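The values are calculated or read from the model by the stated rules, or taken from the named source; none is laboratory data. For clarity, every value in this text was computed on a predicted model and none was experimentally measured. Every residue, glycine as well, gets a Cβ built from its backbone with ideal geometry; the counts of neighbours run over all protein chains shown. SASA here: full protein model, heavy atoms, side chains in, ligands and nucleic acids out. Shrake-Rupley method; radii C 1.70, N 1.55, O 1.52, S 1.80 Å.
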Amino acid sequence: MDFNITTEEEAVVRHVAALLRTGASPTDDDLADELGDEVRPLLQSLLDKGWLVIEKDRELTLSTIARYAMSSRRDIGGP
């Protein structure tokens with residue numbers, strides 16, 4: 001897992017985490033509809049870095065390590 005994420009990636013992670021807390025199961029299309037297509041490269045980067053994982057039906061969720069990093073909040077953010 002790559003802990004170096006950009007400010008924009010961090011905002012997407014926080015947004016996905018907030019959606020998950022409400023019980024939503026967002027897909028990449030849901031997020032693109034809500035935030036615009038410019039979110040797609042950020043989602044791909046977060047998938048590549050291990051922050052997001054794809055579950056059934058293309059639903060996105062935070063990886064186990066990302067959930068821990070979000071809860072501790074000291075491991076997130078870029079240099």
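How much length is gained if the chain between L20 and L47 is pulled fully straight, taking 0.36 nm per residue apart and subtracting their Cα-Cα distance, in nm to one decimal?
8.1 nm
Can you tell me the dipole magnitude for the range 7-74 around its Cα centre, using point charges on the Cβ only (Lys, Arg +1; Asp, Glu -1), in Debye to the nearest 20? Display every interim value, and only then the final one.
Values: 9 positive and 14 negative charges, 119 e Å.
Roughly 560 debye for the range 7-74.
For Cα pairs less than 8 Å apart in space and 6+ apart in sequence, what is the mean separation divided by the residue count of the chain, i.e. the relative contact order in percent? Don't jump to the answer; show the numbers that get you there.
Numbers: 86 pairs, mean separation 33.6, N = 79.
Relative CO of the chain lands at 43 percent.
Considering just Cα atoms, how many Å³ per residue does the convex hull of the range 7-74 enclose?
Residue-normalised Cα hull volume stands at 82 Å³.
Keeping every protein chain present and rolling a 1.4 Å probe, give me the accessible area per residue for the range 7-74 in Å².
For the range 7-74, the solvent-accessible area averages 59 Å² per residue.
Where in the range 1-44 does the amide nitrogen come within less than 20 Å of the point 7 Å from the Cα of I65, taken along Cα to Cβ?
1-17, 42-44
Hey, any idea what % of the range 7-74's accessible area is carbon plus sulfur with a 1.4 Å probe? Could the numbers behind the result be given before it?
Working: 2050 of 4020 Å².
Of all accessible area on the range 7-74, carbon and sulfur atoms account for 51 percent.
Once the dipole of the chain is set up with Lys and Arg at +1 and Asp and Glu at -1 on Cβ about the Cα centre, which of L35, V12, A66 lies farthest towards its positive end?
A66
Measure off 7 Å from each Cα along the Cα-to-Cβ vector at E55 and R40, then give the distance between these two points in nanometres to one decimal.
About 2.4 nm separates the two model spin labels.
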